[in-house]
Every structure is written in C-alpha cells, then in structure tokens.
Amino acid sequence: MNLHRCDGRATIWLEGEIDLSTVPSVRAALATCHTYGIRDIDVDLTAVTFCDASSLNVLLAAARRSAAAGGRLRLHHPAPPVRLLLDLTGTGFLLAEDRPPVEPAPGEGLHPSRDAA
C-alpha cells in the first residue's frame, strides 16, 4: 500500500488481497487521511485481486466520514472481482473513474506505517 497527498486530496494505492488480515492497514491509511484533514480520497484498486466484506465496510465507513466532512471517497480502476463485489452489494456509487488519482512526485508520499496517527 502506498499513500500520497496533494492539495487537500489523497490517493491510496492498494494491491493484492484486501481481507480481514490486511484491512487494519487500509483502515489506518484512511484514518491518517482524515487526521490530516483530507476530505477527498482516491483509492486506486488496479492491483487488488480480492476484496471481501470487511474491506468494503472500511471503505464505506471512510466514505461516510469523508462525506460528513464535505468530501468524497472515490474508488478507481477496480479489478473484475472487486467490481463484482461492488455490483452485488449496490456500492458501485463509490466508483468515480472520471477523475484520475493524484500521482506522487518522485520521493514524495505519506507512509502510513510511519505517519499514522
């Protein structure tokens, strides 16, 4: 997982399987964004091969928190298994592929393990 913030927005890149064992890291990265006052969060799912209900719950909670602060959480480029989960659960409203995630400049970034609150 990698996280980058810029101009009040943050992008989190997730990869591999996002499930009960990895969801604490995702939750921590999202909490870090909210701690820094970031309301608009992009989550790039290009490299995610699996996403279960526990990870979907974390994303939904973060989306509610962002919305309450006047922002939005957007999911980008979900792999077919993730898109299927979103379609089956009716949570596809989180998808916003019309706006690309913020790309970090070389050497920039926020490292959740080091900067998490």
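Restricting to segment 31-66, and then to whatever is farther than 21 Å from P80 by Cα and among the β-branched types (V, I, T), can you tell me which residue is surrounded by the fewest Cβ atoms within 10 Å (Cβ to Cβ)?
The qualifying residue surrounded by the fewest Cβ atoms within 10 Å (Cβ to Cβ) is T35.
What are the residues in segment 6-34 that are within 15 Å of L73 (Cβ to Cβ) and among the polar types (S, T, N, Q), if any?
Those that are within 15 Å of L73 (Cβ to Cβ) and among the polar types (S, T, N, Q): T11, T32.
Mind checking which pairs have a first residue in segment 80-96 that is over 12 Å from L59 (Cβ atoms) and a second that is small (G, A, S) and surrounded by 15 or more Cβ atoms within 10 Å (Cβ to Cβ), Cβ under 9 Å, 6 or more apart or different chains?
Note: no pairs meet the criteria.
Among the residues of segment 67-90, write down those that are within 19 Å of A29 (Cα to Cα), open to solvent by less than 60 Å² (accessible area, probe 1.4 Å) and hydrophobic (A, V, I, L, M, F, W, C).
A69, L73, L75
Of all strands (runs of 3 or more DSSP E) completely enclosed by segment 1-76, which ones contain at least 2 residues that are in contact with a Lys or Arg (Cβ under 7 Å, 6 or more places away or on another chain), under 18 Å from A96 (Cα atoms) and among the charged types (D, E, K, R)?
40-51
Quick one: is P24 under 17 Å from T11 (Cβ atoms) and not β-branched (V, I, T)?
Answer is no for this residue.
The values are calculated or read from the model by the stated rules, or taken from the named source; none is laboratory data. Only a predicted model underlies this, so the values are computations on that prediction, with no experimental measurement involved. Every residue, glycine as well, gets a Cβ built from its backbone with ideal geometry; the counts of neighbours run over all protein chains shown. All accessible areas refer to the heavy atoms of the entire protein, side chains included, with ligands and DNA or RNA removed. Shrake-Rupley method; radii C 1.70, N 1.55, O 1.52, S 1.80 Å.
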